[in-house]
Amino acid sequence: MRKSSRERAEVGKIAAAAGCSHRPPCPGCPRFAVAGIASAARERLGALARANGFGAVTVVDGAEFGFRCRGRLAIRGHVGAPKIGLFESGTHRVVHIPNCRVHHPLINRVAAVVRRALADTRVTSYSEGAHLGIARYLQVVVERSSQSAQVVLVVNADDAHAVAACCDLIIERLGDSLHSLWLNFNRERGNVILGEAFERRLGPECVVERFGGHAVHYPPGAFGQNNLEVSERLIAHVRALIPPGADVAEFYAGVGAIGLSILNRVTSLRCNEVSPASLRGLELGIAALDATDRAKLRVLAGPAATAQSAADGASVIVVDPPRKGLDPELAAHIARFPPERFIYVSCSLDSLLADTELLLGSGRLRLTALYAFNLMPFTEHVETVACFERI
């Protein structure tokens, strides 16, 4: 329900008192300054735990401000005065957020530099209705080890001609704070942010992070978590759930943030992933391994629904599916042929609950533990790790 002007004013006063100058109308932190996960999520997880015979769900929190190392921001507005920020709820009006408190400070700095470069070179901003204008979106990823930023400018164009001068200014003004600069060409109508074609203007191919020792490579088109502090703790938790010497299958493996971190703990690992960008990151991560670890790992590319053979012989299966949850074919396979341990990393409570009902309904698995990770403070989102055991 849309708030009245008086209600919006009251929300604004509360947000300003708590230290946010952008709310309202910025929708990015609907629970701004409220600690912990949303009460509705806590209650639903608690009910699931009680129904399966164990106690309160542990919630893992981290920093509440400056934690976001990855951001995607829309670019709209007029020539010489672009806005860079988030869409106001239910609209394509961009809320300019130059001082976002949950962003890593470097993301705010990059956005300011890009905005000034777009203005100085008179680059037009995109308009959905007319499908005209050049600059559409900005993606920024901070590499923690170098404290530099992988910057992707998404343009409504087929080549770099219209933004070449802008790119030169970004490179000059960011200096050593720039990890790499990319253009992404997206000429399609609609809400998809990244197109398929990238052009690297400067810098390395990937941001590199480390979880459990091994290097994890993130090309600009690959999925990555924005809260790396809490993500590290989640990965360490999953790692601790895997018995030494296990034969492991991982579905929706991404660039290998979980898989590469467990290699020295397992006998074998089969990873499934469908995204070309994530598969490229995984390829680079594998190339950096020593021969012993590399020999343990096999990659099965393609949809999880058609890669069920990766589960054959696995004593532990790990899944980290997108918001929609498990592919039905994979869920049915696991319910019918369960491993000794099944570890489900979920970014959607709705799909986790639906998949859990299916898995438990088989009578071959039981739910033994739930942990919640507050990856996106001040939102309704909760990341959950559920552990199932074969009966």
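The values are calculated or read from the model by the stated rules, or taken from the named source; none is laboratory data. Only a predicted model underlies this, so the values are computations on that prediction, with no experimental measurement involved. Here the Cβ positions follow ideal geometry from the backbone for every residue, glycine too, while neighbour counts run over all protein chains shown.
In summary, strands (runs of 3 or more DSSP E) completely within region 167-247 and bearing 1 or more residues that are of a type outside the set (A, V, I, L, M) and buried (at least 21 other Cβ atoms within 10 Å of the Cβ) occur at 178-185, 207-211, 214-218. Looking at P98, P27, just one residue is of a type outside the set (S, T, N, Q), under 27 Å from D350 (Cβ atoms) and in a loop (DSSP other than H, G, I, E, B), and that residue is P27. Of the numbered criteria (1) more than 22 Å from S125 (Cβ to Cβ); (2) within 23 Å of the chain's Cα centre (by Cα), the one L202 fails is (2).
Remark: pairs (first residue in region 346-369, in the same structural domain as L326 (by TED's automatic domain parsing) and outside any helix (DSSP H, G or I); second residue basic (K, R) and surrounded by fewer than 17 Cβ atoms within 10 Å (Cβ to Cβ); Cβ separation under 7 Å; 6+ apart in sequence or on different chains) = C347/R323; S348/R323; S362/R336; R364/R390; L365/R390. When every residue of region 117-136 is checked against the conditions, at least one turns out to be buried (at least 22 other Cβ atoms within 10 Å of the Cβ) and within 23 Å of C29 (Cα to Cα). Here are some conditions: (1) over 29 Å from S261 (Cα atoms); (2) of a type outside the set (F, W, Y); (3) free of Cβ contacts under 8 Å to residues at least 60 places away in the same chain. R173 meets all but one. Which one does it not meet? Of everything listed in (1) over 29 Å from S261 (Cα atoms); (2) of a type outside the set (F, W, Y); (3) free of Cβ contacts under 8 Å to residues at least 60 places away in the same chain, R173 misses just condition (3). If I ask for residues that are among the acidic types (D, E) and either outside the structural domain of L300 (by TED's automatic domain parsing) or buried (at least 20 other Cβ atoms within 10 Å of the Cβ) (or both), which ones from region 267-289 would you list? Residue satisfying the conditions is E273 alone.
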